[in-house]
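Taking it in order: structure first as structure tokens, then the write-up.
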Amino acid sequence: MSQSRRNTTSPGSRKRLAVHCRSHFARFPESRARRPWAALLTAELMITAAVAIGVPSVGAVIADGRRSTQSEWRVPQLVVMPLGDSITYGTGSSTGSGYRAELRNLLASHSKDVRFVGSQRSGEAPVREHEGHYGWKIGGLTGRTGQWLTAVKPNVVLLHIGTNDMHDDYRADQAPERLGQLVDEITNTAPGTTVLVSSLVPSADRRTQNRIKKFNAAVLKLVTDRRNAGFQTGYVDMGNVTTSDLRDELHPNDNGYHKMAGAFYRGIATAANEGWIRERTEPGHHHSS
């Protein structure tokens, strides 16, 4: 779209189109069996229009969810597996619980049974359980996550991984491919589980941050591709976390973890409103909507 064409769009028209775009972006596919090719073409056209008029990215809309209904949703049970590295572990937070304690507080009114699960322990009860592995890269989780899913059967996985790949410049250009393989392992092992993949929080190291920016752009695409193919994968934008929210070069401080909790909460709220979150899932078995 040309610059002159953008300038002729009235503020009122932009607002109406922005609302229309959000309504399209917020709709997830209902099942893997459906292949809504016409809907995909419509979504692509809406994304193009959104970029032209400055509407938030599809990732931001997914993370924000449907604001008008976020306070109304309920599910019988939330079994949440936080999955990642030392940021998921909670390094840098004053309690060692990272984003988990604040997230549980946000979720408590939406379910009578909220549990965090995983083989790792850190922080304070009742959010000590998780799958945050200090110092691990993406490849460290691949090949193991399927076993963890089978053991604890979460209905929501929160994935924040790749910071160590970026900081160590470990085959950084291939990192999105490795992340895609990990996401596929989760969806293949537990197809009824909602997988919310977040962008990485920033780094105070300039070179690491440059790699993170490139990685985050690829994360949005790989998650969107899988969602469009019918998988229950959502993108959560951590763009609200800034370098002023870091305790060191890589790890958030309490305020940064507070922002992470809010972003993951909005992602879960959106998934719940779309009917993605089932009470329990059984790894290895498909569930129909």
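Values in this text are rule-based calculations from the coordinates and carry no lab data. This is a predicted model, so every value here is computed, not measured. With ideal geometry, Cβ positions are generated from the backbone for all residues, glycine too; neighbour counts draw on all protein chains shown.
Being more than 30 Å from Thr95 (Cβ to Cβ), among the polar types (S, T, N, Q) and surrounded by 15 or more Cβ atoms within 10 Å (Cβ to Cβ) is the requirement here; does Thr187 meet it?
When the stated conditions are applied, Thr187 passes them.
Taking only the range 153-203 into account, find how many residues are among the aliphatic types (A, V, I, L, M) and outside any helix (DSSP H, G or I).
Total satisfying the criteria: 11.
Any residue at all in the range 227-238 that's in contact (Cβ under 8 Å) with a residue 12 or more places away in the chain, touching a Phe, Trp or Tyr at 6+ places or on another chain (Cβ under 8 Å) and part of a helix (DSSP H, G or I)?
For the range 227-238, residues in contact (Cβ under 8 Å) with a residue 12 or more places away in the chain, touching a Phe, Trp or Tyr at 6+ places or on another chain (Cβ under 8 Å) and part of a helix (DSSP H, G or I): present.
Out of all the residues in the range 194-214, is one or more in contact with a Ser or Thr (Cβ under 6 Å, 6 or more places away or on another chain), of a type outside the set (Phe, Trp, Tyr), crowded, with 24+ Cβ neighbours inside 10 Å and more than 18 Å from His167 (Cβ to Cβ)?
yes
Can you tell me which residue within the range 146-163, out of those that are touching a residue at least 60 places away in the same chain (Cβ under 8 Å) and surrounded by fewer than 21 Cβ atoms within 10 Å (Cβ to Cβ), is farthest from Gln77 (Cα to Cα)?
Ranking the qualifying residues of the range 146-163, first place goes to Gly146.
Do you know which of the residues in the range 108-152 that are under 21 Å from the mean Cα position of the chain (by Cα) and assigned to a strand (DSSP E or B) is farthest from Glu177 (Cα to Cα)?
Val114
Of everything in the range 82-116 that's in contact with a His (Cβ under 6 Å, 6 or more places away or on another chain) and of a type in the set (Gly, Ala, Ser), which residue is surrounded by the most Cβ atoms within 10 Å (Cβ to Cβ)?
The residue in question is Gly84.
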